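Data block below; observations after.
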């Protein structure tokens with residue numbers, strides 16, 4: 001199955017082979033094809049926009065919003081190791097658990113920055129960190145950035161979580177190179193913390 005860019009309609013590849021792009025009745029242009037990742041949400045299959053970038057490649061840059069409404073870019077963190085803890089929302093128990101865990105694991109690691117990234121508004125991030133005593137994780141919101149989920153291939157494109165981010169981990173080294181990724185196969189499960197830390 002493939003996805004026509006700009007459409008949510010899935011079609012069989014076999015049917016696509018005979019499709020003429022020069023047909024005068026064709027209303028859409030196929031810009032590109034992306035291999036979607038398949039995950040589950042409480043056992044129900046869902047798809048993401050693409051795949052996580054490969055280890056060994058340069059991490060896509062981004063500009064996301066902090067809880068104080070200021071912005072943070074990946075380039076500003078050059079020289080630090082960075083963990084991207086990407087999840088659907090802090091209002092889910094698994095996401096909250098993951099941030100608490102990374103908050104503990106990041107304590108004392110002066111060379112490492114942990115970023116918790118969701119589509120939640122910055123105000124919700126601020127309330128969560130204040131309530132939970134989160135001091136070693138920087139929360140970032142993608143509500144202003146429509147490209148982050150696509151650049152990292154983690155935007156959910158169908159099911160009840162459409163438009164949110166799939167649970168995933170990306171570890172980036174001091175030079176901006178990706179050293180480890182995990183797309184959690186079941187959104188309701190926690191990520192592999194030990195493997196992420198081992199990649200630092």
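What follows is calculated from the coordinates using simple rules that are stated; it is not laboratory data. Just so we're clear, the structure is a prediction, and the values are computed from it rather than from any experiment. All Cβ positions, glycine included, derive from the backbone under ideal geometry; neighbour counts span all protein chains shown.
Calculate the spin-label point distance for residue 143 paired with residue 57, positioning each point 7 Å from the Cα along the beta-carbon direction, and give it in nanometres.
Between residue 57 and residue 143, the simple spin-label model gives 3.0 nm.
Report the gain in length on full extension from residue 200 to residue 71: 0.36 nm times residue separation, minus Cα-Cα distance, nm rounded to one decimal.
Details: separation 129, 0.36 × 129 = 46.44 nm, distance 2.48 nm.
Roughly 44.0 nm would be gained on extension.
Distance between Cα centroids, the range 133-200 to the range 53-102: provide it in whole Å.
Taking the Cα centre of each part, the range 133-200 and the range 53-102 sit 7 Å apart.
With the cut-off at 1.5 for a/c, could you classify the range 52-198 from its C-alpha gyration tensor as rounded, prolate or oblate?
Here the range 52-198 falls in the rounded category.
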